[in-house]
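One structure is given here, and the rest of the page talks about it.
The values are calculated or read from the model by the stated rules, or taken from the named source; none is laboratory data. Treat the numbers as computed from the prediction; the structure is a model and nothing was measured. Cβ atoms come from the backbone with ideal geometry, glycine included; neighbour counts cover every protein chain shown. Accessible surface is based on the protein model in full, side chains and every heavy atom, while ligands, DNA and RNA are left aside. Shrake-Rupley method; radii C 1.70, N 1.55, O 1.52, S 1.80 Å.
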Amino acid sequence: MVLLEKPDRERGFNKERIIRVLLNHADGKLTKYRIAKLSGASEPWTRQYTDKLENQGLIQDTEVVEVEELYREWQRTRIKPSQLEVSLQQPMQLLEDTGLKYALTTYQAENLHQGFLFASTTDFYISPDQTNDWLNIIEEKGLLGGGNTRVRVLDEHVFYNGKTADDFSTVSIPQLILDLLDEGGPCREAAEKLIQNFHGEA
């Protein structure tokens, strides 16, 4: 059986969750208490970490004042998802037909939201609780190793503030930006355009 499991570094998830919430609500309208609730981190820990981000000049109270720098901080602290590369004949059709939870990211998600990149690869997150169901589908319909599809497992919070585009589920725009930045190359340019459009950064 192919192994595809959620990364086990639970502690690091809290930082990532807090940054994800901050970038999804960058206008500063959320209280630190509310950020703790939305991220699932304790209130004292949330205050401690947001104070650290504030001391770095990235946020002011809960308003994001250095958007690109906060994305860089997220890249530094993020936990890489577990990933399985497979070949599927029609990955988007499979997602359309499945009743399982997923959220597209990188090329396909960017193409749906912005249309800058050619959707050459289909990357999507799955729920950690449904890993075995997905593995059964992959074994039945896909070929392992190399291919046009990357199935990712991370913390359930990766689905936070997810979007829908053309009836497909995608990650939130900040999560998409992060994943594009990590991908590099033309994806970085697409991410910078999304930052301008989503955060209004020149």
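Points worth noting:
- For the stretch 188-202, a residue qualifies if it is out of contact with any strand residue (DSSP E or B) (no Cβ under 8 Å at 6 or more places or on another chain) and either open to solvent by less than 50 Å² (accessible area, probe 1.4 Å) or closer than 15 Å to E16 by Cα (or both), and the qualifying residues are A190, A191, L194, I195.
- Matching residues in the stretch 15-70 - criterion: being among the polar types (S, T, N, Q), out of contact with any Pro (no Cβ under 7 Å at 6 or more places or on another chain) and either part of a helix (DSSP H, G or I) or without any contact (Cβ under 8 Å) to a residue 24 or more places away in the chain (or both): S39, S42, T46, Q48, T50, N55, Q56
- Sole residue being assigned to a loop (DSSP other than H, G, I, E, B) and surrounded by 17 or more Cβ atoms within 10 Å (Cβ to Cβ), chosen from L100, L117: L117
- Scanning the stretch 44-92 for residues that are polar (S, T, N, Q) and modelled with pLDDT of 95 or more yields a total of 8.
- With respect to (1) polar (S, T, N, Q); (2) open to solvent by 20 Å² or more (accessible area, probe 1.4 Å); (3) touching a residue at least 12 places away in the same chain (Cβ under 8 Å), the lone exception for N111 is condition (3).
- Here L4 fulfils each of the conditions (1) over 24 Å from G145 (Cα atoms); (2) buried (at least 17 other Cβ atoms within 10 Å of the Cβ) apart from (1).
- Residue satisfying condition, being modelled with pLDDT of 95 or more and under 19 Å from E183 (Cα atoms), within set F118, F124: F124
- Hits in the stretch 167-187 - residues which are part of a loop (DSSP other than H, G, I, E, B), in contact (Cβ under 8 Å) with a residue 24 or more places away in the chain and open to solvent by 20 Å² or more (accessible area, probe 1.4 Å): D167
- Restricting attention to the stretch 129-186, the residues that are over 12 Å from the mean Cα position of the chain (by Cα) and among the aromatic types (F, W, Y) total 2.
- Members of the stretch 135-164 found to be among the hydrophobic types (A, V, I, L, M, F, W, C) and surrounded by fewer than 21 Cβ atoms within 10 Å (Cβ to Cβ), listed by number: L135, I137, I138, L143, L144, F159
- If only residues of the stretch 80-97 that are in a helix (DSSP H, G or I) and not acidic (D, E) are counted, the one that is surrounded by the most Cβ atoms within 10 Å (Cβ to Cβ) is P91.
- On the stretch given as the stretch 64-82, residues that are of a type in the set (A, V, I, L, M) and over 22 Å from E156 (Cα atoms) total 3.
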